[in-house]
1. Hey, among the residues in the range 37-64 that are touching a Leu at 6+ places or on another chain (Cβ under 8 Å) and either loosely packed, with under 15 Cβ neighbours inside 10 Å or not aromatic (Phe, Trp, Tyr) (or both), which one's farthest from Gln26 (Cα to Cα)?
2. Does the range 66-80 hold any residues that are at pLDDT 95 or above, among the polar types (S, T, N, Q) and assigned to a loop (DSSP other than H, G, I, E, B), and which are they?
3. From the list Leu73, Leu86, which residue is surrounded by 17 or more Cβ atoms within 10 Å (Cβ to Cβ), more than 16 Å from the ligand (Cβ to nearest atom) and touching a residue at least 40 places away in the same chain (Cβ under 8 Å)?
Amino acid sequence: MKNTKRDRLITEINLSGDGKCGLAKQAPTLEEYADLVKGKICRWCRTSFRARVEHYDHAGGWEVRGFSQKQWLYIRCQKCSYQWNLGKLGIHR
Ligand SMILES: [Zn+2]
């Protein structure tokens, strides 16, 4: 009786230990996404983008560190105003 109880306790401790391996991969920050965009060129007007990523809440978007919801990420070409989402620029979710 005593042993069974102790064994169960040990099992519970092991399970909760496994559940919390806390070092999950962190999502990039907006600045890190901006760095990925830097140097890319608008395919419409050949202007290279200024790295200013705009964003709003969107379930189909990208995970961004510091936001509880996924964010739709895009940049607007400063010359032709075309909106490029980061997926079109080859930056995958
Ligand atoms: Zn453009």
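1. Lys40
2. Ser68, Gln69
3. Selected residue: Leu73, the only one of Leu73, Leu86 that is surrounded by 17 or more Cβ atoms within 10 Å (Cβ to Cβ), more than 16 Å from the ligand (Cβ to nearest atom) and touching a residue at least 40 places away in the same chain (Cβ under 8 Å).
The values are calculated or read from the model by the stated rules, or taken from the named source; none is laboratory data. Given the structure is predicted, the values throughout are model-derived calculations rather than measurements. Methodologically, a virtual Cβ is constructed for each residue, glycine included, from the backbone with ideal geometry; neighbour enumeration extends over all protein chains shown.
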